[in-house]
1. For region A:282-304, does any single residue satisfy the condition of being part of a helix (DSSP H, G or I) and within 22 Å of residue A:189 (Cβ to Cβ)?
2. What about residue A:370, is it crowded, with 20+ Cβ neighbours inside 10 Å, over 17 Å from residue B:154 (Cα atoms) and modelled with pLDDT of 90 or more?
3. Would you mind finding the one in A:335, A:350 that is β-branched (Val, Ile, Thr) and either over 21 Å from residue A:177 (Cβ atoms) or within 12 Å of chain B (Cβ to nearest Cβ) (or both)?
4. Out of curiosity, is residue B:317 modelled with pLDDT of 90 or more and in a helix (DSSP H, G or I)?
5. Output the number of the condition that residue B:5 fails; it satisfies all remaining conditions of (1) more than 19 Å from the chain's Cα centre (by Cα); (2) not in a loop (DSSP other than H, G, I, E, B).
6. Go through region A:202-222 and report how many residues are surrounded by 19 or more Cβ atoms within 10 Å (Cβ to Cβ) and assigned to a loop (DSSP other than H, G, I, E, B).
7. When the residues of region A:223-274 are narrowed to those that are under 24 Å from residue A:156 (Cβ atoms) and among the charged types (D, E, K, R), which ends up least open to solvent (accessible area, probe 1.4 Å)?
8. Yes or no: region B:157-179 includes at least one residue that is closer than 15 Å to residue B:298 by Cα, open to solvent by 10 Å² or more (accessible area, probe 1.4 Å) and not charged (D, E, K, R).
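The values are calculated or read from the model by the stated rules, or taken from the named source; none is laboratory data. As the structure is a computational prediction, the values presented were derived from the model and not from experiment. Positions of Cβ are generated from backbone atoms using ideal geometry, with glycine treated the same way; all protein chains shown enter the neighbour counts. These accessible areas exclude ligands, DNA and RNA; they are computed on the full protein's heavy atoms, side chains included. Shrake-Rupley method; radii C 1.70, N 1.55, O 1.52, S 1.80 Å.
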Protein chains: 2
Amino acid sequence: MKPSIPKGTRDFSPQEMVKRNYIFDTIRKVYQSYGYQPIETPAFENSETLMGKYGEEGDRLIFKILNSGNYIDDLPPGFPMPSKFEDNRQFTRLISEKALRYDLTVPFARYVVQHRNDITFPFKRYQIQPVWRADRPQKGRYREFYQCDADVIGSDSLLNEVELIQIIDEVFTKLGVPVIIKINNRKILQGIAELIDAPDRMIDIAVAIDKIDKIGIEGVMEELKEKKFTTVQINFFRSLLTEEGKLNFFTAYSSLGFNQKLQVGIDEVEKIFSTINKSKINKVEFELSLARGLNYYTGTIIEVKADPSKSTFTSSICGGGRYDDLTGIFGLPDVSGVGISFGADRIYDVIEELGLFPKEIEATTKVLVLNNSEKLITQCLHLVKLLHDEKISAQFYPDDFNPKKGGKQIDYASKMGIPFVVSINEDQLIDKPYKVKRVDGQGQWQTVSLDELISMIK
Amino acid sequence: MKPSIPKGTRDFSPQEMVKRNYIFDTIRKVYQSYGYQPIETPAFENSETLMGKYGEEGDRLIFKILNSGNYIDDLPPGFPMPSKFEDNRQFTRLISEKALRYDLTVPFARYVVQHRNDITFPFKRYQIQPVWRADRPQKGRYREFYQCDADVIGSDSLLNEVELIQIIDEVFTKLGVPVIIKINNRKILQGIAELIDAPDRMIDIAVAIDKIDKIGIEGVMEELKEKKFTTVQINFFRSLLTEEGKLNFFTAYSSLGFNQKLQVGIDEVEKIFSTINKSKINKVEFELSLARGLNYYTGTIIEVKADPSKSTFTSSICGGGRYDDLTGIFGLPDVSGVGISFGADRIYDVIEELGLFPKEIEATTKVLVLNNSEKLITQCLHLVKLLHDEKISAQFYPDDFNPKKGGKQIDYASKMGIPFVVSINEDQLIDKPYKVKRVDGQGQWQTVSLDELISMIK
């Protein structure tokens, strides 16, 4: 029986790890340089912290942990065992009190409320940890994946949005990934929905307008008709848009007297754009159809995709937005926050597709010290230490005192991508105590001093 | 209702995170410099991968994950619900197929077997990830904690042991923690047990001899008597020890003809010591009473404690050993391995007690750019970018365009441990465009150029 892992989960090999760490380290360094501070929260939370925060569908997808010990004995007296075809939610609550985190945002809100007396606001935190979702696994969708979040909480200044957009730009510039950053504002969408007298149907409107590239402006209107919007609503909505589905500022402004929300949303977007432009950040576009699924957003929303002229990946690789009352669910109302999250797995796929992983991250060891003679072991171990002191990663081949098997060691170096092999010069020359060879290609053995060895490797 | 987290788990604040990352980074760098490569495995494994690998007690302490969906419906036809006071293990198997990892060693063994065709042996891997145990929480014992493991698999050379001891020495030297590294060999303990005709009772013997500091050599013999060892066994055992409870090599060797295992164990320890001594590593002691609980060890065992003359912490902060057949449980027999694991939480406590955390790791941001005037925002954002280009972490205070509230911003810098505040010189001098002040103490505002600013901060 071949051992395996649960579906939707992954092992990461050394080759994958160095690439993943390159992405995480890049994000982490940019976050830190802007003063975001790291926190970590537990892998599992009390169920009541998570349940009900992600909608009915979310509740189903949360992994629940069985209570420890003989949990059957702990059931309340007289509780009937559930029978088949019966909803098992009530039973689940009795045998499970903890659940794996589903995202980093809700645990962060819980953290802020729990530790509010120890936190200096505005609180800028980042968090890079895995999350778990019992989604049906499919290509590019996993049951365990990392999120890389940064949020500012306790400040309603739009400069936070500007800073987060700057961070997005800096991360993707460092990674070499060309991107398009789209922004919108929930107040604009909500304002339009209210303007056409459909205040609860913001998402329906956004979903429809999102399809404009495929079905055109009249197709969008058709879609709204199917969704039972009235002709009056549809005509009014149509009058707010240009032929390309952009906001028609002329019509919108002439209607603005009726809707303050729309006005505020437009002002916010304009303010962000004017500040960003001055800082010369590129590739930022206003996109009216951008809605994002998460219900807690109330202002700016941000979504990033790889530049479609360069990459075939069309899904979002980073996103975020402003939420006015995330901590309210834990009893601390009226604290505004704004955050972003990088999708490391999708960024990995784009970097791989574009061949952008730097070559130098792939080899973790620079030097293999060969093990050719038992009496030279002490000198070999000493050489490893000397190289480490020079910040050169070096390892000693542990097996095999048999000099005839030297080829096996060089083979190992080659397979491991170690560029240099070194051995002690058995003639014991005082000024040239080492022999060194490049593993790839037709390198010859060279007899060298320690200084020569170090400068050659560096 | 105040939000909380499950007992035995922890949130880590930014202040704790920087200290923890200092420990993890130190360990990671040393592992990497010796050619150990990172891997990661999923947080949860199939239950059959973990169950039965840690003994009866371990099985109870493994956190189980409830199956998704309506798991009651998925029960086999006619399966009766468990009643109270009945063992719930059979029911658990039906409603839970996954479990959180309990350590990193068993998932690693599973990884090696599953990916054996892609691995170049000897395989040197490190892994730094959390593990979960449903232990009763108490001071210093948590239900979620990180392990930092390194193992070499597929090589039976004792040079691996030597290297791992070198790694231990290097990590604690870098952290500044004085330690005592104790080593023993399971073959010695097993050899003694066999010699006195009690081959199954190695652990009993080790537990008794471990108490010699408290109860003396005769106390140890008393303990064995209580444990129903015979007088002949006890007398023979006594003859193998010195008054201090060390191995009496004279008597042991005279008995060695009877026991090859003891001979091999002693040879292995001697070989390690002779190689280590030549590399000038200190503080390594042979300790006959060292046994370590884990059943899979078969050769060398290693345990590290803080130097008791410097620290009050007496528990083990690092440990490890050789196992001859770990992958056998997954169908790949006869692969020898040896590994170590650092206990980050306990190392944290020792470093904190001894005041050894470096001061410079505590401030994450170096510069706060003050937000004093709306019309200078662009220049402020530009300054943040210029400082980042010089690898100086800098952030802009987002709130507050009101110049009267400048004090609040400096207060924020002070609370956050940010050492410098900078603002744009409103006189707009071309050669001295900035004003800078140290936050701590009685610093004065100085008018400076960009170069002066950078050299001051660096």
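1. No.
2. Yes.
3. Being β-branched (Val, Ile, Thr) and either over 21 Å from residue A:177 (Cβ atoms) or within 12 Å of chain B (Cβ to nearest Cβ) (or both) holds for just one of A:335, A:350, which is A:335.
4. Against the criterion (modelled with pLDDT of 90 or more and in a helix (DSSP H, G or I)), residue B:317 does not qualify.
5. (2)
6. Residues meeting the conditions: 0.
7. A:268
8. yes
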